[in-house]
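Notes for the one structure printed next.
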Amino acid sequence: MSHTIESILTENRVFPPSEAFKAQATINDAKYQELKDKAETDYVGFWSDLAREKLSWSKDFSVGLDDSKAPFYKWFTDGELNASYNCIDRHLEEKEYKNAIIFEADDGSTETYTYKDLHDEVCRLANALVAKGVEKGDRVIIYMPMIPQAVFAMQACARIGAIHSIVFGGFSAEALKDRIEDAGAKMVITADGGFRGGKTVALKNAVDEALEKGGRSVESVIVYERTKQAVKMKAGRDITWNDAIAGMSNYHHAVMVNAEHPLFLLYTSGSTGKPKGIQHSTGGYLLNAHLTNEWVFDLKNDDVFWCTADVGWITGHTYVAYGPLSMGMTIVMFEGVPTYPDAGRFWKVCQDHAVTVFYTAPTAIRALMKFGSDLPKQYDLSKLRLLGTVGEPINPEAWIWYHDVIGRGECPIVDTWWQTETGAHMIAPLPGVTALKPGSCTKPLPGIDAHIVDEEGTELTHGEGGYLVIRKPWPSMVRTIWNDDARFVETYFAMFKNKYYVVGDSAHLDTDGNFWIMGRIDDVLNVSGHRLGTMEIESALVSHPAVVEAAVVGRPHDVKGEAIAAFVVLSNNLNEAAEKAAMVQELREWVAKEIGPIAKPDEIRFGTNLPKTRSGKIMRRLLRGIAKGEDLCGDTSTLEDPTILAQFMEKH
Ligand code: 6R9
């Protein structure tokens, strides 16, 4: 299977929407034209009308966009609303007994929660948070497995105006501590552990470890008993979920907040060592979350929507917890992994819960595709009507397999380009309108002003490649980096002097105006759809006592998209192969402890120095070449010491 940019660039198959799909789509040609025209003639009015139409406000707004402190944009500035009210309460009259969440556990058991159940669970927890002294504006860390209680926790925070920050359960105690401290969190909501692929994974231990090392701002910890494994409970600080909600009312009056009140922080990797706390608003975020579920996933009342992302990532925020619930949809939540008990699990879940719209990452498709087409054929996938992908470019081979084998050659595939910072889809097909091209995320959504520019900031026309940028602000855009306004401006706006939001990806436009994402322009890796900073991994490596220096690069990988290759200089050179192998193991475990297992280098190579220019810059280009297995006969004359390349050619 080739997964190269070349294979994408030569792709020219086109899949227009079928007449049958078009006829039922919420956004058809006429509606699309109407939205585009409105966005062009009255940009702020376009978003303001939609905000009033789609969301329920306790206080209407008089200002659509406030750009007086650009690039710190504000939307619907004086309006008030509550995200949890919008996701739950407003549906109760008509959908009290409709399923909000269908949960399938790792072991195959299922639970369902109606909108009324969701309301009651969320209210009880909201009351428990208040009883524990959590107030509007306080930060709450959520460190949970992929179970409905994670969504209850998010919704309970939103309900009382507390700002949640989810830390993916695969992150280590160290990473958790950093995020707790940066957010200044008052509370941690966690579980004893979770189930994944038939195994038990511990979570509470990591919270204990994080709070031993730091995180002094944390006053209380709520622990959901999922696995019932033994955990330590610190008196005066820790309480079980059941004890916390015992006797709490199932009624809680949602606290209305300003549209700009932060709904959540989500830490993501950038080009420096320290993850950034991406801050999202309540009103603007929820609007795009709602709209993109309606436009891109074409969700209707009878749909059963399954987004496989963990709530620890932005995709889980917008397409599990907030967007579909804001629309009053039924979602599937799945605790397990795609290959347990076998690689047919995803397809079995789709069949058993009659999933109609399915959204996953290319890395999952590539991994499952390796098991062949017979496995999915054993399941009834006839209910599926739309498929989606996110996280990285999808190679045409995987697209076609997904389309033919999973989608019966009938389901449109929406390849959705967006980021933690954008809050919701930005460039994505409208399935009843857009002609699809495998590997392209196609065109910007109505109201999204995406361009490709060159180094000087000149907008490029069709056929050229350059920096992907967004010109006009949009409602769900990142508001700032928590505690670091200067870094926010520097990271996203400085490059073109505040004229554009700079995405960090390069892209190319084809002659039909379709966008093709080529990859990151910074030192960010995309490993199985997860964003990891090379600097973050380098810092973790050099914090090991035996490591003097480290450089990390990505190399293409068939399934993961990118694999992590680390080049390491040790304080004491190792000569024996066995010693080196032991050190590789030790360093991989070290990185897992410092960041999390997803950041473990796939390979580690040792040398006495890193290849540097005479001015001391690490030649990452060469390291990328070595990692790819290229023959490096190129010009290495600028290297301080050309002999060290030979050392790094050796793999351990
Ligand atoms: C939603 C999410 C964002 C980065 C982004 C880009 C890559 C995401 C993509 C895609 C090509 C797509 N990316 N979707 N590349 N096609 N459909 O993944 O957020 O974790 O912040 O990552 O992922 O490089 O800049 P996040």
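Every read-out reported here was derived from the displayed coordinates using simple, explicitly stated rules and does not represent laboratory data. Model, not experiment: these values are computed from the prediction. Here Cβ is always computed from backbone atoms with ideal geometry, including for glycine, and neighbour counts include all displayed protein chains.
Brief remarks on what is shown
- 16 Å cut-off, amide nitrogen to a point 7 angstrom out along Asp602 Cα→Cβ, residues in segment 532-556: 532-534, 552-556
- Percentage relative contact order, segment 528-648, counting C-alpha pairs under 8 Å, at least six apart: 25
- Applying the criteria of a DSSP loop state and at most 13 other Cβ atoms within 10 Å to the chymotrypsin sites (Phe, Trp or Tyr not before Pro) of segment 63-126 yields Tyr97.
- Projected label points at Gln229 and Asp404, each 7 Å from Cα along the beta carbon direction, are separated by 4.3 nanometres.
- Dividing the summed -39500 (n - 2.57) terms of all DSSP H runs of n ≥ 4 by the residue count of the chain sets its mean residue ellipticity at 222 nm at -8500 deg cm²/dmol.
- Reported to the nearest whole Å, the Cα centre-to-centre distance from segment 427-479 to segment 410-426 is 12.
- Kirkwood hydrodynamic radius of segment 421-487, Cα pairs, Å: 13.9
- Formal net charge of residues neighbouring Val134 (Cβ-Cβ distance under 12 Å; K, R +1; D, E -1): +2
- Shape call, segment 454-571: gyration tensor on alpha carbons, a/c limit 1.5: oblate
- Relative contact order (%) - segment 282-369, alpha-carbon pairs under 8 angstrom, separation at least six: 32
- Over segment 528-648, the fraction of Cα-Cα pairs per 5 Å bin, rounded to whole percents and listed from the shortest bin up, is 2, 11, 22, 24, 20, 14, 6, 1.
- Chain lengthening between Asn205 and Asn242 when straightened (0.36 nm per residue, less Cα-Cα): 11.4 nm
- Other residues lying with their Cβ under 11 Å from the Cβ of Gly519 contribute a combined charge of -3, Lys and Arg counting +1, Asp and Glu -1.
- Cα gyration tensor category, rounded, prolate or oblate, for segment 191-329 with a/c compared to 1.5: prolate
- With both residues required to sit in segment 179-287, DSSP beta bridges show an antiparallel share near 55%.
- DSSP assigns beta bridges within the chain; of those with both partners inside it, close to 60 percent run antiparallel.
- Pairs of Cα atoms nearer than 8 Å and 6+ residues apart set the relative contact order; for the chain it is 14 percent.
- Each Lys and Arg Cβ is given +1 and each Asp and Glu Cβ -1; about its Cα centre, the chain then shows a dipole of about 820 debye.
- Theoretical FRET efficiency, 1/(1+(r/R0)^6), r = Cβ-Cβ of Gln419 and Arg487, R0 22 Å, to 0.05: 0.85
- Label separation (Thr643 vs Gln24): 7.1 nm, computed from points 7 Å beyond Cα along the C-beta direction.
- Residue-span extension gain [Asp37 to Arg13] - 0.36 nm each, minus C-alpha spacing: 5.8 nm
- Cα gyration tensor shape for the chain, rounded if a/c is under 1.5, else prolate or oblate: rounded
- Note on Ala131 and Arg621: their simple-model spin labels are 6.3 nm apart, each label 7 Å out from Cα toward Cβ.
- Note on Thr461/Ser506: beta-carbon distance plugged into 1/(1 + (r/R0)^6) with R0 of 22 Å gives a FRET efficiency of 0.85.
- Extreme residue, positive dipole direction of segment 528-648, given options Thr534, Val547, Trp590 (C-beta unit charges): Thr534
- Extension gain, Glu630 to Ala354: 0.36 nm times the residue separation minus the Cα-Cα distance gives 94.6 nm.
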